[in-house]
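Note sheet for the following structure.
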Amino acid sequence: MESTAGDLHIANVTKRFGIFTAVDDLTLTIPQGAFFALLGASGCGKTTTLRMVAGLEEPTAGQVRLGDRDITRLRPYQRPVNTVFQSYALFPHLDVFENVAFGLRRRKVRQVASQVERMLALVQLEGFTKRRPAELSGGQQQRVALARALINHPQVLLLDEPLGALDLKLRRQMQIELKRIQTEVGITFVHVTHDQEEAMTMADTVAVMNAGRIEQLGRPAEIYEYPATAFVANFLGQSNLLAGEAAGLSGGDVLVSAYEQRFAVPAVRARADQGPVFLGVRPEKLALVADGAAVPAGHQSVAGVVTDSSYVGVSTQYLVRTGWGTELAVFAPNSGTAAPLALGARVTAHWDPRHAFILRREPGEGDRTTPVLDEPDAVGAVS
Amino acid sequence: MTLMTGIGAAPAGSARPARKSGRRWLPYLLLLPGTLWLVVFFFGPMLTLGAASLWDPAGSLQTGYAQTLSFGNYVDAVRDAGPQLLRSFWYAAIATLIGVIIGYPLAYAIALKAGRWKYLLLVAVVAPMFTSFLVRTLAWKTILSDNGALVGLLRDIGILGADGRLLATPIAVVLGLTYNFLPFLVLPLYASLERLDRRLLEAAGDLYASPARSFVKITLPLSMPGLVAGTLLFFIPAVGDYINAELLGNPNTYMVGNVIDSAFLVRLDYPHGAALSFALMFLILIIVMVYLFRSGTDEVV
Amino acid sequence: MNYRIGRWIADRWVMGVGLLVLAYLALPIIVVAGLSFNRPSNRLSYDFNEFTLDNWTNVCGPAGLCDAVLRSVQIGFLATVFATVLGTLMAFALARHKFFARPAVNVIIFLPMATPELVMGTSLLALFVTGSVALGFWTILIAHVMFCISFVVVTVKARLAGMDARLEEAAMDLYATPFQTFRRVTLPLALPGIVAAALLSFSLSFDDFIITNFNSGTTVTFPMYVWGANQRGVPPQVNVIGTAMFAIALLLVLATNVRRRRGARVA
Ligand SMILES: Nc1ncnc2c1ncn2[C@@H]1O[C@H](COP(=O)(O)OP(=O)(O)O)[C@@H](O)[C@H]1O
Ligand SMILES: [Mg+2]
């Protein structure tokens with residue numbers, strides 16, 4: 001449908017530092033003009049991937065192509081790719097104007113001034129031309145870094161946690177602005193982040209990365225609604241994953257037995273129909289009714305006891321301990337129709353099977369119900 | 001001196017210094033000229049000096065020296081210059097002690113109390129080095145002069161006798177040494193105090209430590225690397241100095257440098273001069289090693 | 001009330017002691033400046049006698065003084081150029097490259113700074129005498145370059161270590177070739193360190209007495225002149241030179257600081 005001349009192909013790329021494999025046989029195609037997010041916990045190899053595309057790091061194996069052109073071995077200054085660095089790397093000895101003009105001057109482009117003015121207008125920094133980076137706020141530095149890269153009209157713009165150093169409010173504001181700018185210039189953006197909300201709100205396509213590999217790639221809603229792996233299910237939001245055994249197809253459903261109960265999930269939402277699997281349900285897809293009360297027709301259920309409840313405004317988050325000891329997370333919307341449940345209340349948690357999903361499971365792996373911790377560490381902030 | 005430059009801007013961000021391996025030879029090319037210079041004009045001379053210290057003492061510049069491996073030169077040289085050698089270490093040690101006593105409060109005040117005057121006070125510390133070593137040492141001659149205000153005052157209040165003097169006494173030499181090398185002690189000390197996390201002191205105060213106790217338990221141990229480096233940067237040149245002894249002292253305050261100077265330039269007795277030089281270096285080396293070992297610091301270099 | 005006074009003293013006594021020590025450090029400089037306006041009563045007197053401007057208007061009066069100063073400036077300049085170039089190259093190698101011999105090179109650089117001048121001076125003399133090299137201008141220069149190099153390396157290396165290596169990557173990402181990266185980013189950022197190293201070299205060279213004393217032959221530098229004059233009586237013009245040196249150095253230091261504050265505050 002669109003031209004594919006400018007697609008970015010990362011083909012079987014591996015990067016090792018000594019014996020440590022930072023990026024492991026990564027294959028990825030990023031369509032021209034896309035807003036693509038690379039999402040993963042800190043240390044999973046996102047920066048390394050970007051650096052290989054930028055030419056700052058050479059892959060141990062594999063190929064990087066822009067359209068048909070192999071750019072794997074090109075030096076950074078020979079590639080039509082620019083980077084917005086993590087914590088910006090603005091030149092401290094140059095003012096804003098010269099920082100933004102840097103790329104143009106190196107390529108001996110004429111009419112630098114007018115282009116710089118236009119670019120600074122785009123990032124709303126008119127009148128700051130004579131300031132040094134040290135005299136700018138974090139958000140302003142971020143805009144300069146963006147302008148400095150964008151002014152070169154690269155085929156691909158790489159952004160390495162560009163909003164990581166900003167406070168929450170500014171971050172939300174810049175997310176919207178980045179999105180606007182991307183739409184306006186139409187350049188391919190590859191946006192690296194460890195913030196799942198940021199990835200989902202901004203990108204058309206999200207790739208979830210873990211330990212040097214892509215775990216899943218797709219539109220944000222696809223990934224959220226039907227995660228491909230246990231890691232994704234609990235990195236992007238939270239899921240209740242119950243360990244069970246799949247017993248094959250029956251009609252359009254996959255049958256699963258877990259903890260002496262039998263469940264069914266539509267085959268289109270199952271990643272496996274035999275062997276050890278996880279039965280997954282998102283906490284907001286679960287509903288609670290008092291023990292013994294009727295469960296809506298067609299729903300499946302698990303009984304348990306309420307052990308914890310936290311009121312968080314839009315919803316109340318319960319923990320329900322099942323008969324076998326696992327605590328399920330249940331988010332009940334505060335729509336005002338249901339009375340709050342007391343601690344110790346015996347309840348039944350039920351769900352529509354069309355909202356459940358089935359994932360492959362390593363034999364012996366138990367239930368997983370807690371989100372993957374995602375604290376940006378101190379090293380990750382600069383690496 | 002590492003320590004002096006440590007005062008500049010703190011390292012920002014993480015560096016990834018590893019470069020493309022294709023240019024392995026580049027660092028060696030960059031290093032070659034400077035390293036060669038140091039090897040030829042620092043290590044070469046050291047070897048020559050070692051050799052000269054074993055020359056036949058019977059030779060002379062005119063007749064030439066024979067290499068006779070005369071280890072006796074060391075015995076002779078150290079025996080003949082014994083008093084001056086001892087005096088050098090003794091004066092330098094006293095001067096270092098005084099330097100610590102007056103330098104520590106100064107470094108502490110600049111690092112922790114000076115606020116926005118910090119830079120100005122630092123400039124004041126190094127200011128003596130802006131003018132010539134010899135000229136400023138000569139100025140002490142004026143200050144300590146028998147007709148000067150200082151001696152007059154000390155005589156009036158009875159600290160000095162009616163014909164007591166300061167110039168040409170050991171006091172003048174130690175005072176000059178302290179003065180001339182104090183900046184080398186204060187700067188590294190300042191640098192380590194400056195790095196000290198002020199919240200530690202607040203935490204100590206919060207945990208019921210008195211200011212004196214906080215100082216002994218926290219500030220002093222944490223400033224130890226700076227103190228060790230500073231005392232060494234003070235002590236080593238002070239032992240080898242003979243300008244203060246010459247300008248402010250008298251022949252009875254001569255230090256080992258005066259003897260070496262005269263051996264090489266007046267008596268033209270190279271073997272003994274070289275032996276004394278080498279002996280001095282070894283003595284300093286041993287003292288420095290013991291000192292570093294005892295103070296348990298290896299962060300100086 | 002007593003408590004208040006106690007607190008006030010406790011908060012300030014350290015600064016008080018510090019200022020007294022600074023006064024001790026400043027006193028000789030004031031005396032030098034004062035003596036530069038003094039007409040001594042006789043040749044060997046160091047005491048204040050009467051005010052005069054003669055020393056300033058007739059700096060080159062004493063025979064050989066201005067020659068000595070000029071020679072020191074020449075040697076200082078040449079030593080600075082050589083030491084700064086050699087030392088800066090070494091600093092780049094050490095700060096920017098990982099290589100096998102790095103620890104050994106660090107030792108080679110450290111040792112001259114830790115060795116007493118007396119030992120370096122005599123050992124160079126032994127070398128020159130053994131090699132029958134005539135002592136003079138060139139032997140002084142060789143010695144000065146030698147002891148300045150280490151200080152240059154340490155100063156420039158500290159500056160480079162504090163520099164974010166990603167700035168160079170950013171430059172390359174923005175189409176700068178390796179040479180342009182060096183010219184437009186690395187060099188300007190390293191320059192304050194290089195300038196500081198050069199100033200340090202010059203002052204070390206200009207002021208060196210001990211090493212020069214052993215290797216100068218009959219060549220007279222400014223410190224050598226003062227040393228020699230001490231026996232005969234030091235002319236007051238020496239204090240003029242001392243005062244002028246101090247003023248120039250102070251101006252340079254303050255000027256570079258003002259520049260630094262206005263300039264790259266981050267790097
Ligand atoms: N130059 C390097 N040498 C050795 N290890 C490295 C280097 N660069 C990155 N790594 C390692 O590779 C892994 C991935 O790093 P990175 O790509 O920076 O992660 P992130 O996803 O946080 O951006 C980390 O474990 C990191 O320690
Ligand atoms: Mg990263």
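The values are calculated or read from the model by the stated rules, or taken from the named source; none is laboratory data. Values in this document were obtained by computation on a predicted structure and should not be read as measured data. Every residue, glycine as well, gets a Cβ built from its backbone with ideal geometry; the counts of neighbours run over all protein chains shown. These accessible areas exclude ligands, DNA and RNA; they are computed on the full protein's heavy atoms, side chains included. Shrake-Rupley method; radii C 1.70, N 1.55, O 1.52, S 1.80 Å.
Regarding C:D47, is this residue over 26 Å from B:P183 (Cβ atoms), charged (D, E, K, R) and without any contact (Cβ under 8 Å) to a residue 12 or more places away in the chain? Lay out the reasoning, then the answer.
Working: over 26 Å from B:P183 (Cβ atoms): yes; charged (D, E, K, R): yes; without any contact (Cβ under 8 Å) to a residue 12 or more places away in the chain: yes.
Considered against the rule, which asks whether it is over 26 Å from B:P183 (Cβ atoms), charged (D, E, K, R) and without any contact (Cβ under 8 Å) to a residue 12 or more places away in the chain, C:D47 comes out as yes.
Rundown of residues vs (1) part of a loop (DSSP other than H, G, I, E, B); (2) at positive phi, yes/no style:
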| site | (1), (2) |
| --- | --- |
| C:R166 | no, no |
| C:Y175 | yes, yes |
| C:Q180 | no, no |
| C:R183 | no, no |
| C:T186 | no, no |
| C:A190 | no, no |
| C:I194 | no, no |
| C:N213 | no, no |
| C:V220 | yes, no |
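Among the numbered conditions (1) touching a His at 6+ places or on another chain (Cβ under 9 Å); (2) assigned by TED's automatic domain parsing to the domain that holds B:A238; (3) among the aliphatic types (A, V, I, L, M), tell me where B:I98 comes up short.
The number of the failed condition is (1).
Please go through segment A:28-82 and pick out each residue that is within 14 Å of another protein chain (Cβ to nearest Cβ) and either part of a strand (DSSP E or B) or more than 16 Å from ligand 1 (Cβ to nearest atom) (or both).
Those that are within 14 Å of another protein chain (Cβ to nearest Cβ) and either part of a strand (DSSP E or B) or more than 16 Å from ligand 1 (Cβ to nearest atom) (or both): A:I71, A:R73, A:L74, A:R75, A:Y77, A:Q78, A:R79, A:P80, A:V81, A:N82.
Among the residues of segment A:192-206, is any within 14 Å of chain C (Cβ to nearest Cβ) and either within 16 Å of ligand 2 (Cβ to nearest atom) or hydrophobic (A, V, I, L, M, F, W, C) (or both)?
no
Among the residues of segment C:164-184, write down those that are buried (at least 24 other Cβ atoms within 10 Å of the Cβ) and either touching a strand residue (DSSP E or B) at 6+ places or on another chain (Cβ under 8 Å) or under 30 Å from C:T115 (Cα atoms) (or both).
C:A170, C:D173, C:L174 - these are the residues of segment C:164-184 that are buried (at least 24 other Cβ atoms within 10 Å of the Cβ) and either touching a strand residue (DSSP E or B) at 6+ places or on another chain (Cβ under 8 Å) or under 30 Å from C:T115 (Cα atoms) (or both).
Pairs under 7 Å by beta carbon, first residue away from chain C (no Cβ under 13 Å) in segment B:243-254, partner of a type in the set (A, V, I, L, M, F, W, C) and open to solvent by 10 Å² or more (accessible area, probe 1.4 Å), six or more apart or different chains?
Sorted first by the residue in segment B:243-254, then by its partner, the pairs are B:N250/B:A168.
Consider segment A:121-168. How many of its residues are away from ligand 1 (no atom under 16 Å from the Cβ) and either under 29 Å from A:T48 (Cβ atoms) or in a helix (DSSP H, G or I) (or both)?
30
Taking the condition in contact (Cβ under 8 Å) with a residue 60 or more places away in the chain and open to solvent by 10 Å² or more (accessible area, probe 1.4 Å), does B:I287 pass?
On the way: in contact (Cβ under 8 Å) with a residue 60 or more places away in the chain: yes; open to solvent by 10 Å² or more (accessible area, probe 1.4 Å): yes.
For B:I287, the condition - in contact (Cβ under 8 Å) with a residue 60 or more places away in the chain and open to solvent by 10 Å² or more (accessible area, probe 1.4 Å) - is met.
Which condition breaks for A:V208 when tested against (1) without any contact (Cβ under 8 Å) to a residue 60 or more places away in the chain; (2) open to solvent by less than 40 Å² (accessible area, probe 1.4 Å); (3) touching a Leu at 6+ places or on another chain (Cβ under 6 Å)?
(1)
Which one of these is more than 7 Å from every other protein chain (Cβ to nearest Cβ), free of Cβ contacts under 8 Å to residues at least 24 places away in the same chain, within 17 Å of the chain's Cα centre (by Cα) and open to solvent by 40 Å² or more (accessible area, probe 1.4 Å): C:A244, C:A255, C:A196? Reasoning before the result, please.
Numbers: C:A244 fails: open to solvent by 40 Å² or more (accessible area, probe 1.4 Å); C:A196 fails: free of Cβ contacts under 8 Å to residues at least 24 places away in the same chain.
Every option except C:A255 fails the conditions.
Take the residues in segment B:199-231 that are within 12 Å of chain C (Cβ to nearest Cβ) and touching a Leu at 6+ places or on another chain (Cβ under 8 Å); name whichever of them is surrounded by the fewest Cβ atoms within 10 Å (Cβ to Cβ).
Checking each candidate, the answer is B:T219.
Return yes when A:F17 is surrounded by fewer than 20 Cβ atoms within 10 Å (Cβ to Cβ), assigned by TED's automatic domain parsing to the domain that holds A:R219 and within 15 Å of ligand 1 (Cβ to nearest atom) and no when it is not.
Details: surrounded by fewer than 20 Cβ atoms within 10 Å (Cβ to Cβ): yes; assigned by TED's automatic domain parsing to the domain that holds A:R219: yes; within 15 Å of ligand 1 (Cβ to nearest atom): yes.
So A:F17 passes the test.
I'd like the full set of residues that are touching a residue at least 40 places away in the same chain (Cβ under 8 Å), more than 7 Å from chain C (Cβ to nearest Cβ) and more than 21 Å from the chain's Cα centre (by Cα), limited to segment B:118-156.
The one that is touching a residue at least 40 places away in the same chain (Cβ under 8 Å), more than 7 Å from chain C (Cβ to nearest Cβ) and more than 21 Å from the chain's Cα centre (by Cα): B:L144.
Which ones in segment A:168-199 are without any contact (Cβ under 8 Å) to a residue 60 or more places away in the chain, open to solvent by 50 Å² or more (accessible area, probe 1.4 Å) and under 21 Å from A:T47 (Cα atoms)?
Listed by number, the list holds a single entry, A:E197.
For a quick check of your reading: which strands (runs of 3 or more DSSP E) sit entirely within segment A:281-331 and have at least 2 residues that are closer than 13 Å to A:R346 by Cα and in contact (Cβ under 8 Å) with a residue 60 or more places away in the chain? Don't jump to the end; show me each part of the working.
On the way: elements: A:287-290, A:300-311, A:315-322.
Passing ranges, in order: A:287-290.
Is one or more of the residues making up segment B:95-117 closer than 29 Å to C:F147 by Cα, in contact (Cβ under 8 Å) with a residue 60 or more places away in the chain and more than 19 Å from the chain's Cα centre (by Cα)?
Taking every residue of segment B:95-117 in turn, none turns out to be closer than 29 Å to C:F147 by Cα, in contact (Cβ under 8 Å) with a residue 60 or more places away in the chain and more than 19 Å from the chain's Cα centre (by Cα).
What tally of residues in segment B:61-94 results from selecting those that are touching a residue at least 24 places away in the same chain (Cβ under 8 Å), part of a helix (DSSP H, G or I) and not charged (D, E, K, R)?
Going through segment B:61-94 one residue at a time, the tally reaches 12.
For segment A:120-166, give me the residue count where each residue is of a type in the set (S, T, Y) and either within 22 Å of A:R105 (Cβ to Cβ) or within 13 Å of chain C (Cβ to nearest Cβ) (or both).
Here is the first cut: in segment A:120-166, the ones of a type in the set (S, T, Y) are A:129, A:137.
Of the ones still in play, those that are also either within 22 Å of A:R105 (Cβ to Cβ) or within 13 Å of chain C (Cβ to nearest Cβ) (or both) are A:129.
Number of matching residues: 1.
Please determine whether any residue of segment A:56-73 is within 22 Å of A:G164 (Cβ to Cβ), surrounded by 16 or more Cβ atoms within 10 Å (Cβ to Cβ) and not aromatic (F, W, Y). So that I can check it myself, show each step before the final result.
At the first step, the residues of segment A:56-73 found to be within 22 Å of A:G164 (Cβ to Cβ) are A:56-57.
Right, trim to surrounded by 16 or more Cβ atoms within 10 Å (Cβ to Cβ) and you get A:56-57.
Going one step further and asking which of them are not aromatic (F, W, Y), we end up with A:56-57.
Yes, the conditions are met somewhere in segment A:56-73.
Identify the residue in segment A:22-52 that is open to solvent by 30 Å² or more (accessible area, probe 1.4 Å) and within 13 Å of ligand 2 (Cβ to nearest atom) and, among all such residues, is nearest to A:G62 (Cα to Cα).
A:G43
Have a look at B:Y270, B:Y291 and point out the one that is aromatic (F, W, Y) and more than 21 Å from B:D80 (Cα to Cα). Talk me through it step by step, then tell me what you get.
On the way: B:Y270 fails: more than 21 Å from B:D80 (Cα to Cα).
Sole residue among the options that is aromatic (F, W, Y) and more than 21 Å from B:D80 (Cα to Cα): B:Y291.
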